[in-house]
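A short write-up of the structure that comes next.
Every read-out reported here was derived from the displayed coordinates using simple, explicitly stated rules and does not represent laboratory data. Computed from a predicted structure; not experimentally measured. Quick reminder, even Gly has a Cβ in these numbers, built from the backbone with ideal geometry, and neighbours come from all protein chains shown.
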Amino acid sequence: MERSSEKEKFQRGIPLTLWVRIVQRLEILYPLHHPDNPYEVEDMFNAGDWYLKGNNTAMASIRLLVTKEEFFLL
């Protein structure tokens, strides 16, 4: 699988409400990242993990549909 396709597939598995928070975190971490380039899978996963661990409300209402390990088994 091509890396960009892998990145896009991982992103599509994330609920939109969570994706908005992940992008906010990624924009802070990578301010020079061009919006047309997909983020690395590990960076997306880590940003989602960071958000969910720091937000108990999010843990109750939002969860990743596919874990990083499950994604690589697809």
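Can you tell me the dipole magnitude for the range 1-52 around its Cα centre, using point charges on the Cβ only (Lys, Arg +1; Asp, Glu -1), in Debye to the nearest 20?
Value, rounded to 20: 180 debye.
What's the extension gain from T17 to K53 if we count 0.36 nm per residue and subtract their Cα-Cα distance? All intermediate terms of the calculation are to be shown ahead of the outcome.
Working: separation 36, 0.36 × 36 = 12.96 nm, distance 1.57 nm.
Working it through step by step, the gained length comes to 11.4 nm.
Label the range 1-49 by shape, choosing from rounded, prolate and oblate, from the square roots a ≥ b ≥ c of the eigenvalues of the Cα gyration tensor; if a/c is under 1.5 it is rounded, and otherwise prolate applies when a/b is larger than b/c, oblate when it is not.
Working: a/c = 1.78, a/b = 1.17, b/c = 1.52.
Note, shape of the range 1-49 comes out oblate.
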